[in-house]
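Beneath this line is the structure, given in structure tokens, with notes to follow.
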Amino acid sequence: MTLLYTNPLFQQHVTGAHPEHPRRLAAIEAHLKEIGLADRCTQPQWQFATLEQLARIHDPGYVEQIQKYAAAGGGRIEADTVISERSYDAAILAAGAACDAVRRVVGSEDQSALCLVRPPGHHARPHDAMGFCLFNSIAVAARCAVAEHQLDRVLIVDWDVHHGNGTQEMFWEDGRVGFFSIHRWPFYPGTGDSNETGGGRGLGWIANEPVKYGTPLTEFHARFERSLVALAAKVRPQLVLISAGFDAHRQDPIGSLDLEVVDFARLTQIVLAAAREHAGGRVVSVLEGGYNPQRLAESVGVHLNALLKPS
Ligand SMILES: [Zn+2]
């Protein structure tokens, strides 16, 4: 089984004419139902992330700012990021899902979890919304694993086509949470060069694979596996988290690294192999980008299928 997190509130984060829109999740949920995967998962109830959980990653003043902005009706909080009246609630429910999934997977209720949430999180910075993201759910969840479940070593794998700059920033000097990202380069948000490897206690705990558009898929997979295996050997994670963006698909309107749907099954299997080697197979995946709703739905389908049937 796999824990599957869905909730209608995520579709109430209303963004207007914007690539990150509620129909993304509607397409995924319809597809998972159609192919019979949703029925094979356990669907837990969970709570909003608490201020204490959010404040391990975000400035409390920033959290309050988002709450007030939404309560006042919302608007465009930065160039790319839109807030509506229910966006604050959706964002803290998203972070809460990731934390709840960590709690249950660490507690051996299940070996894996997939959180189908909006808004995405990996660009969100300690004091700033950025790139469609309000709160950095994967970072909040990694901190939960360390602070609430006494893990010493967690690995975040980010295969969204954009570099997870917010997540990298939060764990740059951490030394308990490692971060690996493969992403298109040069591309938004501009960070993620291969020489960005962490600092202080976190030196060597950050690994980046910047990939040029046009790179053959065989090379993409080989670099993903080689770098992930190397960082996992260093971190020896007790838990693996995935920032699962699907905007590297070749038909994605804002991303694209020429991946096909089936490539996301391969990426999932590579992460699962690392998780089995170091972390007892424990994986929590959290949705990030992916802006062609049909291809996104199909990609999430093969991702979840691999989580359910680890080879
Ligand atoms: Zn992205």
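Remarks
- Within region 212-243, being away from the ligand (no atom under 16 Å from the Cβ), closer than 19 Å to Gly280 by Cα and not in a helix (DSSP H, G or I) holds for Arg236, Pro237, Gln238, Leu239, Val240, Leu241.
- Subset tally (residues that are assigned to a helix (DSSP H, G or I), closer than 27 Å to Phe10 by Cα and away from the ligand (no atom under 16 Å from the Cβ)) for region 273-296: 1
- Complete set of residues in region 108-123 that are in contact (Cβ under 8 Å) with a residue 24 or more places away in the chain, more than 16 Å from the ligand (Cβ to nearest atom) and surrounded by fewer than 24 Cβ atoms within 10 Å (Cβ to Cβ): Glu109, Asp110, Gln111
- Failed item, numbered, when Phe246 is tested on (1) within 26 Å of Ile35 (Cα to Cα); (2) within 16 Å of the ligand (Cβ to nearest atom); (3) hydrophobic (A, V, I, L, M, F, W, C); (4) out of contact with any helix residue (DSSP H, G or I) (no Cβ under 8 Å at 6 or more places or on another chain): (4)
- Test: residue in region 72-85 that is farther than 25 Å from Gly166 by Cα and out of contact with any Phe, Trp or Tyr (no Cβ under 6 Å at 6 or more places or on another chain): yes
- Meets criteria (crowded, with 18+ Cβ neighbours inside 10 Å, part of a helix (DSSP H, G or I) and among the hydrophobic types (A, V, I, L, M, F, W, C)) for Ala207: no
- Condition check for Leu151: assigned to a strand (DSSP E or B) and either buried (at least 24 other Cβ atoms within 10 Å of the Cβ) or at pLDDT 95 or above (or both): no
- Single condition Ile254 does not satisfy, out of (1) away from the ligand (no atom under 16 Å from the Cβ); (2) part of a loop (DSSP other than H, G, I, E, B): (1)
- For region 20-82, the helices (runs of 4 or more DSSP H) that sit wholly inside it and include 1 or more residues that are of a type in the set (Lys, Arg) and without any contact (Cβ under 8 Å) to a residue 24 or more places away in the chain are 23-34, 60-71.
- The set of residues in region 83-101 that are under 18 Å from Asp128 (Cβ atoms) and either small (Gly, Ala, Ser) or part of a helix (DSSP H, G or I) (or both) comprises Ser87, Tyr88, Ala91, Ile92, Ala94, Ala95.
The values are calculated or read from the model by the stated rules, or taken from the named source; none is laboratory data. Note that the structure is predicted; figures quoted are calculated from it, not measured. Here the Cβ is made from the backbone with ideal geometry for all residues, glycine too, and neighbour counts use every protein chain on show.
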